1. Could you figure out which of (1) surrounded by 10 or more Cβ atoms within 10 Å (Cβ to Cβ); (2) modelled with pLDDT under 90; (3) not β-branched (Val, Ile, Thr) isn't true of PHE26?
2. Would you confirm whether any residue within the stretch 38-49 is hydroxyl-bearing (Ser, Thr, Tyr), over 15 Å from the mean Cα position of the chain (by Cα) and assigned to a helix (DSSP H, G or I)?
Amino acid sequence: MDRCRNEYFNHMEIKIAEVRQNMLYFQIQVLFLLYQLSPLILKQRLNFKLFV
């Protein structure tokens, strides 16, 4: 009984670690995407200000 519970908790800890790693990876991807898109956004804002 005790061994089963320990295995279950170990399994859950591994799952949580995987999810955290995936979330971190996802956040990095989003930041990278924003970083790549930022020049376009800035250009559009400048153009918009020039038009107004």
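1. Here PHE26 meets the rest and fails (2).
2. Yes, some residue in the stretch 38-49 is hydroxyl-bearing (Ser, Thr, Tyr), over 15 Å from the mean Cα position of the chain (by Cα) and assigned to a helix (DSSP H, G or I).
The values are calculated or read from the model by the stated rules, or taken from the named source; none is laboratory data. This structure is a prediction, so every number in the text was calculated from the model and none was measured. Cβ coordinates were reconstructed from backbone atoms using ideal geometry, including for glycine residues, and neighbour counts include every protein chain displayed.
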